[in-house]
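J.: Please see the structure below; I have some questions.
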Amino acid sequence: MSTIAIIGAGKGLGMAVARRFGREGFSVALIARNRQRVDTLVETLGDEGITAAGYTADVRDQDALRTALVRASEDLGLIEVLQYSPLPAKEFMRPVLETVADDLVGPVEFSIYGPVTAAHQVIPGMRALGRGTMLFVNGGSAVRPGARVTGTSVAFAGESAYAQLLHDALADEGIHVGQVIIPFGIDDGDPSHSGESVAERLWSMHAERGDFRVYAEPMPD
C-alpha cells in the first residue's frame, strides 16, 4: 500500500487531500503540531475507511520532523508522496520596512529548513520504491513578493528555488517534484477555491507528473 505524508495537516486542505488520496488506496500520515487535532482527524478518516495515523512535529524542529517521518514510514510503509503545506504564522507577515533580520529566522526555518529536512528524509525511500512525488503548497507571495508579507515573501522564494532544484535533480529517477501556487484563500465560499478542488489538482499533479509549477487559479492583476 502506498503512503502519503501530509505535513501541516488540518481539517481543511489536509483532510481534503487525505480523502482524495485515500480513495486511491493510499495510507495517510498526518503531521501537525497539535496532538488532539491529528487524533481527531485520524479517527474521522478511520470511520470513512481510510487507513491513517497521526504524528506531532513542529516543522521548525528538524529532529521532531525527521522522527515523525521515520515513524510514519515504519507504521504505514515507505512514503511515496510528501505534501508540505503548513500554514505560516501571522507574525511572519510584517511590512518590509518594519522587518529586521531576526524577523526572518522563523520564516526561513519554516519554509526552507523544514522542506529541506523533509525532502532528505523521504528521498531514500522514494528511491527504494522507484517512484515518488513531493508537493509544495504556497501562496501567491512565493512568486510575487508582497511588501506587507515580507517574511513569507522571502522564505517562500527560497522554498520555491529549492523545490525547483529538486524537480530538476530528481526527474530522471522517477521522482516528481511540483509546486502549486494558491493566490486566494481556501474554503472562502467559492466552490473553485474549496479544499476539495485544490486536493483534486494536487492528485492530478501526482498522477500526471507534468510541469513543476501549477497555479490553482491565475494570479490577480
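J.: In region 1-51, what residues are over 21 Å from Tyr84 (Cβ atoms) and either touching a Cys at 6+ places or on another chain (Cβ under 8 Å) or without any contact (Cβ under 8 Å) to a residue 40 or more places away in the chain (or both)?
T.: Just the residues of region 1-51 that are over 21 Å from Tyr84 (Cβ atoms), to begin with: 1, 23, 25, 36, 39-40, 43-44, 46-49, 51.
Correct list: Arg23, Gly25, Gln36, Asp39, Thr40, Glu43, Thr44, Gly46, Asp47, Glu48, Gly49.
J.: From Phe110, Phe92, grab the single residue that is in contact (Cβ under 8 Å) with a residue 60 or more places away in the chain, of a type outside the set (S, T, N, Q) and within 23 Å of Ile31 (Cβ to Cβ).
T.: Result: Phe92 is the single residue among Phe110, Phe92 that is in contact (Cβ under 8 Å) with a residue 60 or more places away in the chain, of a type outside the set (S, T, N, Q) and within 23 Å of Ile31 (Cβ to Cβ).
J.: Report, by residue number, each residue of region 1-16 that is open to solvent by less than 10 Å² (accessible area, probe 1.4 Å) and not small (Gly, Ala, Ser).
T.: Thr3, Ile4, Ile6, Ile7, Met15
J.: What residue, of Gly114, Gly151, is within 20 Å of Gly10 (Cα to Cα), open to solvent by less than 20 Å² (accessible area, probe 1.4 Å), at pLDDT 95 or above and assigned to a helix (DSSP H, G or I)?
T.: Result of the check over Gly114, Gly151: Gly114.
J.: Suppose the filter is open to solvent by 10 Å² or more (accessible area, probe 1.4 Å), among the polar types (S, T, N, Q), closer than 24 Å to Ile4 by Cα and in contact with a Phe, Trp or Tyr (Cβ under 7 Å, 6 or more places away or on another chain); does Gln179 pass it?
T.: In short, no.
J.: Farther than 27 Å from Trp203 by Cα and open to solvent by less than 20 Å² (accessible area, probe 1.4 Å): which single residue out of Gly146, Gly106 fits that description?
T.: Details: Gly146 fails: open to solvent by less than 20 Å² (accessible area, probe 1.4 Å).
Answer to the check: Gly106.
J.: Out of Gly77, Gly54, report the one residue that is of a type in the set (Gly, Ala, Ser), on the phi < 0 side of the Ramachandran plot and open to solvent by less than 60 Å² (accessible area, probe 1.4 Å).
T.: After applying the criteria, what remains is Gly54.
J.: Report the residue count in region 80-103 for those that are surrounded by fewer than 21 Cβ atoms within 10 Å (Cβ to Cβ) and either in a helix (DSSP H, G or I) or touching a Pro at 6+ places or on another chain (Cβ under 8 Å) (or both).
T.: Residues meeting the conditions: 9.
The values are calculated or read from the model by the stated rules, or taken from the named source; none is laboratory data. Source: prediction; values computed, not measured. So basically every Cβ, Gly included, is an ideal-geometry build from the backbone, and we count neighbours across all protein chains shown. To get the accessible areas, we keep the full protein, side chains included, count just its heavy atoms, and leave off ligands, DNA and RNA. Shrake-Rupley method; radii C 1.70, N 1.55, O 1.52, S 1.80 Å.
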